[in-house]
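*Asks:* So that we are looking at the same thing, I have put the structure below in structure tokens.
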Amino acid sequence: MGTRFPTQDPSFLVGLHMVYEYSAGIRVELYVRNPSSVDYRVLKGPVAERWVTGQEATVASLGAGTGILSWAEATGSTVSLVINPDDRWVYGSAFFAKWVEDQPHLTTGHQNENLRSILDLRNEGPIAPHSALHQFAKVIAMEYRGTDDDRVMTPT
């Protein structure tokens, strides 16, 4: 008997705009722009006011109304989110570059406008050892906004 993998139809994630909060108090706004990119903004926590638009990401279905988003940031950090919109939860795994952990304030603001300086900081490092965050978060607001809507993630 062969292994059956979930049908790859992550359309239930595309267009999803939500705010979720980890038990540690980190609050994040996320918009799944399309099947290959996300926008996000950290609203509360050590890197509050950090936001990125058009972040290349992998978006996939894990079955049973659960999906996964994964991406590598320009900072050298990586993020993976397992999302269940129906049950309103997120499980986040993030591996933060050492320089981000040591100086989180350097990553605040709109990364797209400061990409050259972020890349310079990443290249100066250090990247390792990474610090890890593995936590569940509750979804506190959620709506569907369609694809590639530039009005979703705007300056605050």
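*Asks:* Please indicate, with yes or no, whether at least one residue in the stretch 1-15 is surrounded by fewer than 20 Cβ atoms within 10 Å (Cβ to Cβ), modelled with pLDDT of 95 or more and part of a strand (DSSP E or B).
*Replies:* no
Conditions tested, residue by residue: (1) farther than 22 Å from Glu56 by Cα; (2) assigned to a strand (DSSP E or B); (3) open to solvent by 80 Å² or more (accessible area, probe 1.4 Å); (4) in contact (Cβ under 8 Å) with a residue 12 or more places away in the chain.
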{"site": "Asn112", "(1), (2), (3), (4)": "no, no, no, yes"}
{"site": "Leu115", "(1), (2), (3), (4)": "no, no, no, yes"}
{"site": "Ile118", "(1), (2), (3), (4)": "no, no, no, yes"}
{"site": "Arg122", "(1), (2), (3), (4)": "no, no, no, yes"}
{"site": "Ala128", "(1), (2), (3), (4)": "yes, no, no, yes"}
{"site": "Leu133", "(1), (2), (3), (4)": "no, yes, no, yes"}
{"site": "Lys138", "(1), (2), (3), (4)": "yes, yes, yes, yes"}
{"site": "Met142", "(1), (2), (3), (4)": "no, yes, no, yes"}
{"site": "Asp148", "(1), (2), (3), (4)": "no, no, no, yes"}
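*Asks:* Look at Ile83 and say whether it is hydrophobic (A, V, I, L, M, F, W, C), assigned to a strand (DSSP E or B) and buried (at least 22 other Cβ atoms within 10 Å of the Cβ).
*Replies:* Numbers: hydrophobic (A, V, I, L, M, F, W, C): yes; assigned to a strand (DSSP E or B): yes; buried (at least 22 other Cβ atoms within 10 Å of the Cβ): yes.
For Ile83, the condition - hydrophobic (A, V, I, L, M, F, W, C), assigned to a strand (DSSP E or B) and buried (at least 22 other Cβ atoms within 10 Å of the Cβ) - is met.
*Asks:* Further, regarding this structure: Among the residues of the stretch 41-48, is any charged (D, E, K, R) and in contact with a Lys or Arg (Cβ under 6 Å, 6 or more places away or on another chain)? Give the derivation first.
*Replies:* Residues of the stretch 41-48 that are charged (D, E, K, R), as a first pass: 41, 44.
The next check asks that each one be in contact with a Lys or Arg (Cβ under 6 Å, 6 or more places away or on another chain); those that pass are 44.
Yes.
*Asks:* How about the stretch 28-70: which of its residues are open to solvent by 20 Å² or more (accessible area, probe 1.4 Å), of a type outside the set (S, T, N, Q) and in contact with an Asp or Glu (Cβ under 8 Å, 6 or more places away or on another chain)?
*Replies:* Arg33, Leu43, Lys44, Trp51, Gly54, Gly65
*Asks:* On the given criteria, is Ser61 in contact with a strand residue (DSSP E or B) (Cβ under 8 Å, 6 or more places away or on another chain), polar (S, T, N, Q) and without any contact (Cβ under 8 Å) to a residue 40 or more places away in the chain? Spell out the reasoning first.
*Replies:* Details: in contact with a strand residue (DSSP E or B) (Cβ under 8 Å, 6 or more places away or on another chain): yes; polar (S, T, N, Q): yes; without any contact (Cβ under 8 Å) to a residue 40 or more places away in the chain: no.
Here the answer is no, as Ser61 does not meet what is asked.
*Asks:* Please tell me if Val100 is buried (at least 19 other Cβ atoms within 10 Å of the Cβ) and free of Cβ contacts under 8 Å to residues at least 24 places away in the same chain.
*Replies:* Numbers: buried (at least 19 other Cβ atoms within 10 Å of the Cβ): yes; free of Cβ contacts under 8 Å to residues at least 24 places away in the same chain: no.
Judged against the criteria, Val100 is not a match.
The values are calculated or read from the model by the stated rules, or taken from the named source; none is laboratory data. Computed from a predicted structure; not experimentally measured. All Cβ positions, glycine included, derive from the backbone under ideal geometry; neighbour counts span all protein chains shown. The area values use the complete protein model at the heavy-atom level, side chains included, leaving out ligands, DNA and RNA. Shrake-Rupley method; radii C 1.70, N 1.55, O 1.52, S 1.80 Å.
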